[in-house]
Structures are given as structure tokens and as C-alpha cells.
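The values are calculated or read from the model by the stated rules, or taken from the named source; none is laboratory data. Everything quoted here is computed from the prediction, not taken from an experiment. With ideal geometry, Cβ positions are generated from the backbone for all residues, glycine too; neighbour counts draw on all protein chains shown. Surface areas here come from the heavy atoms of the whole protein model, side chains and all, with no ligands, DNA or RNA. Shrake-Rupley method; radii C 1.70, N 1.55, O 1.52, S 1.80 Å.
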Amino acid sequence: MSPDELVYLGILAASIPVGFLFRYLSPPVKQGAALLLGLIISIATCGLHTLHSLLTVLGTWLIIKINWRSSPALSLGWTFLYLLFFRLVTWFGLPQPTPFANAIQLLLTLKMVSLANEIQSYHLEKKKEVSAFTKSPVVGGLSHEPSLYDIMSYSYCYVGIMTGPFFRYQTYADWLQQSNPLSLPGKEPCLQRLKMVPVYGALFIAVNSVFPLSYVRTDEFLEHNYFYRFFYMVAIFFVFRMRFYSAWCGAEAGCISAGLGCYPHGALSKPGGGPTVKYSPDPNTAVEYDFKTIQNIDCYNTDFCVKVRHGMRYWNMTVQWWLHNYIYPNTPFRAYALRAGWTMLISAYWHGLHAGYYLSFLTIPLCIAAESAMEASVRARLGPMGQNIFDWIHWFLKMRAYDYMCMGFVLLKASDTISYWSSIYFIIHIIAVVCIAVGQMMKGGKKRERRERGEGEKEDVVREKSE
């Protein structure tokens with residue numbers, strides 16, 4: 001493991017016992033302590049680069065104060081433009097930010113855009129309440145506009161400050177105002193989330209030592225046979241998954257220990273978004289709680305869901321919620337594949353400027369279009385047994401598609417990504433294009449068959465009438 005990864009590991013490990021201590025604090029003390037600890041982590045790992053995140057927060061606060069109506073669009077523009085400056089900062093003669101500063105900046109971008117949307121919704125619902133003389137039915141809305149201190153506290157809250165998961169301001173405010181944090185579940189769900197982390201960590205270290213990514217960039221790698229080169233991406237994506245499974249399960253445990261994102265099971269919470277229905281528990285029955293709001297990874301379904309589009313749903317779940325609610329609805333297209341493409345483009349930009357991100361993320365819409373075409377033209381015509389076989393083949397190709405796209409995500413450079421993809425003859429791109437073409441041909445044949453059947457029925461009717 002690299003020194004940076006050891007620092008991340010140390011922060012994750014320390015956040016779990018610290019979280020249990022926060023359950024003993026009153027709301028004001030909890031807010032101040034979480035802010036102070038977050039600032040200590042930021043300054044210790046980022047130094048002067050902490051100014052980048054501070055400027056982002058102050059800029060967003062100013063936008064909200066000046067024009068709350070347009071703050072969602074303006075904050076998105078401001079934070080994404082600042083991301084561009086942040087990544088090109090050396091062009092201006094400034095020092096390169098640390099990886100820790102980059103992690104904080106990424107999560108802060110999500111928080112600031114979400115905050116602007118929450119505050120806009122608060123003002124709009126408040127105006128409706130005044131005109132209708134009724135309380136807003138909106139679930140999870142703010143009860144007041146956050147102050148600058150509140151915004152700073154949310155931005156630099158130590159929980160998930162550089163590892164995630166993303167959570168809304170309302171989730172943070174609910175955490176501060178928990179009436180009896182010590183009565184909420186903590187130890188058992190925390191251990192449940194951590195039980196597989198040693199396994200994921202051991203597999204990450206073991207497989208990474210046998211299949212190092214750096215070997216892909218060597219001339220010797222290209223001398224191996226096709227099947228070895230093809231299998232290598234399977235191993236690389238396995239290492240990639242084990243790394244993030246370990247990190248995100250650990251990050252979730254840090255949230256659970258502090259009680260962040262704990263809501264009654266009946267609130268039907270969504271990862272990132274929180275409760276979706278108003279829930280009033282029966283005082284005579286025990287209340288069940290869950291931490292769905294801060295769930296960032298579903299390891300089982302990531303590996304075993306059938307479709308490419310579903311694979312995205314179970315990976316980095318809180319960020320997927322952010323993209324689905326703040327980016328996807330505002331795409332300038334109607335077709336699902338194009339809307340998904342636009343969303344993936346924004347996601348690639350958020351991750352960074354490396355060409356590998358764009359090559360990978362923009363392959364997703366192609367794969368989605370391919371699986372949609374095959375489902376409509378092939379799977380729909382099969383019986384139960386045939387559909388079961390189709391789904392297993394679909395799952396296998398889904399995993400290979402993610403193996404393939406992962407190589408762009410980790411190799412980063414366009415030259416390295418294309419070099420690897422060309423070494424396996426762009427196999428996933430070719431399969432996707434063939435599937436789309438087959439789907440279109442079978443769709444055309446189905447239409448022609450339906451038309452001929454209709455014409456035949458008309459002829460039968462005319463013949464019967466003439467007889």
C-alpha cells in the first residue's frame with residue numbers, strides 16, 4: 001500500500017471509535033467538535049491547499065445569499081469551474097494540490113450543489129405555505145435557512161470528509177438534532193458492515209501483488225497471448241472492486257458509529273437522499289432503524305446484478321443519487337441512452353480531466369443501448385428457460401464490460417487505454433455494436449412480420465365477405 005493509502009486507512013480506522021464518542025455530545029457541541037475535527041484533518045493532510053475548499057464554500061454561500069432562486073445552476077457552474085481551476089492550478093504557477101485536497105474538493109462539490117438545491121426548495125415551499133396557509137408536504141425539507149457557520153460545519157464535518165459517502169445538509173441537520181443518539185443502533189450494524197473488510201483488504205493486497213497495473217504498460221505484456229491479455233482486465237477490475245469495497249464499507253462504518261444517516265426503516269430512505277416518506281412510528285411498537293441513507297456500496301448486487309445500467313445503481317450509490325437528482329433531469333436530451341451519456345460525461349468531468357475517464361464513462365451508454373436492443377429483440381421472444389440462459393450470458397458480458405471500462409479508469413491516459421483496448425481488439429466495443437445491429441435487424445424483421453400478418457388478416461376478411 002502507498003503512503004497516501006495508509007493515511008486514508010488511518011483516518012477511516014480512527015473515525016469509527018471517535019464516532020461512538022460523538023453520541024454523547026449535545027447538538028451544539030457535536031456541531032463544533034465535528035467541524036473542528038474536520039478542519040484538523042483537512043489542514044493536516046492538505047496544508048495551504050485547504051484554501052481551495054474554503055473558497056468553494058464561501059463562493060457558494062455568496063451565490064445563495066445574492067440569488068437563491070438561481071443558486072442551483074449558479075452553484076453547479078461555480079463549483080465545476082473551480083474544479084477546472086483546481087486541476088489546472090499549476091498553469092498559474094501555484095503548487096499541485098495533494099490527493100487528499102482533491103478528495104475533499106470532490107465531495108465538497110457535491111455538497112455545495114446539493115445545499116443550493118435544498119435552500120431553493122426551502123424558499124419555494126415557504127412561499128407556498130404563506131399563500132396556501134398550510135404546511136408543506138415535502139419530505140426531508142429544511143426547517144430554516146442555514147447560516148454561514150452551519151454551512152461551514154456541514155462542509156468540514158469530519159464524517160466522510162475525504163472518503164464519503166455524500167449526504168445532504170438535511171441529513172447532517174437531522175444528525176445534530178437526534179433526541180437520544182445513545183439509544184440508536186450502532187455496534188451491531190457497524191460490525192455487520194465491517195465483517196467482510198478484512199477479506200476484501202486481503203484479496204486486494206494478494207491479487208494486486210500478482211497482477212500489478214504497471215505491467216500493462218510494458219512491451220513484455222503485449223507479447224503474451226490474447227487470452228492472458230483479456231484475463232488481465234478481469235484481475236484488474238477485481239483489485240479495483242476489493243479496494244473500494246474495503247474503503248466504502250469502512251467509511252459507512254464511520255457514519256454508523258456516529259449515528260449519521262440513521263432513520264426509521266419505515267421512512268424508506270434512499271442512499272444519499274434520505275427519507276422518502278413521512279414516518280410516524282407507533283408508540284406501542286419497537287422502531288426498526290437502518291442506515292440506507294449513507295449506504296454507498298452494495299457489494300453483492302454490484303457483482304451479481306444482470307444489467308450494465310443496474311451495475312451503476314449499486315456502485316458509489318450516494319453519488320449516483322446526486323447525479324440522478326441534480327444532473328440527469330436537466331439533460332438536454334430525451335432518449336435514455338443520450339441522457340445517460342450526458343450524465344456520464346458530467347460524472348467523468350467530476351472525477352477528473354484524464355482522457356481515460358471519458359473513454360470509460362462514455363462507453364457505458366453504448367453498452368446500455370446494446371443490452372436494451374438485445375432485450376427487446378431477443379429476450380422478449382424467449383421462453384422462461386431461454387430467458388434464464390440469456391440472463392446468465394447477459395451477466396457475463398456485463399462483468400466483462402465493466403472489466404473493460406475499468407482499464408480506462410485506472411490507466412488514465414488515452415494512449416495507455418487505447419493501447420490496452422487495441423491489444424484485445426476493442427472486443428467490448430465490437431460486441432456492443434454487433435448487438436445493436438442485430439437488435440435493429442430483428443426489430444425490423446418483427447415489424448415486417450407484423451405488417452405481413454396484418455395484411456394477411458385483411459385478405460382473409462375480404463375473402464370471407466366475398467364468399
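Odds and ends about this structure:
- Each label point was placed 7 Å from the Cα along the Cα-to-Cβ direction; for residue 69 and residue 195 their separation is 5.4 nm.
- Per-residue SASA entry for residue 188, accessible area with 1.4 Å probe, Å² rounded to 10: 150 Å²
- Of 30/292; 270/443; 65/292; 270/413; 111/398; 278/398, those spanning more than 28 Å from alpha-carbon to alpha-carbon: 270/443; 65/292; 270/413; 111/398; 278/398
- Neighbour net charge for residue 425 - beta-carbon separation under 14 angstrom, K R +1, D E -1: +2
- The C-alpha atoms of segment 240-344 occupy a region whose extents along the principal axes are 50, 33, 24 Å, arranged from largest to smallest.
- Across the chain, the longest piece that holds none of the trypsin sites (Lys or Arg not before Pro) lying in DSSP loops with up to 14 other C-beta atoms within 10 Å covers 196-277.
- Accessible surface of residue 393 - all protein chains present, 1.4 Å probe, nearest 10 Å²: 100 Å²
- Dipole moment magnitude, nearest 20 debye, the chain about Cα centre, only Lys, Arg, Asp, Glu C-beta charged: 780 debye
- C-alpha center-to-center spacing [segment 196-265, segment 1-80] in angstrom: 26 Å
- Principal-axis tilt of helix 197-210 within the chain, Cα atoms, nearest 10 degrees: 60 degrees
- Surface accessible to a 1.4 Å probe, residue 52 within the full protein complex, Å²: 20 Å²
- Simple label model, 7 Å out from Cα along Cβ direction - residue 84 to residue 145, nm: 2.9 nm
- Per-residue [θ]222 nm for the chain (sum of -39500 (n - 2.57) over DSSP H runs n ≥ 4, rounded to 500): -22500 deg cm²/dmol
- A Cα-only calculation for segment 284-433 places Rg and Dmax at 17.3, 65 Å.
- Structure-derived Rg/Rh (Cα atoms, Kirkwood Rh) - corresponding label in (i) 1.03; (ii) 0.94; (iii) 1.00: (i)
- Qualifying chymotrypsin sites (Phe, Trp or Tyr not before Pro) in segment 35-144, where qualification requires a DSSP coil assignment and no more than 13 other C-beta atoms within 10 Å, comprise 133.
- Nearest-ten-degree value, helix 317-326 long axis tilted from longest Cα axis of the chain: 80 degrees
- Shape of segment 1-144 from the C-alpha gyration tensor: oblate (a/c of 1.5 or more and a/b not above b/c, with a ≥ b ≥ c the square roots of its eigenvalues).
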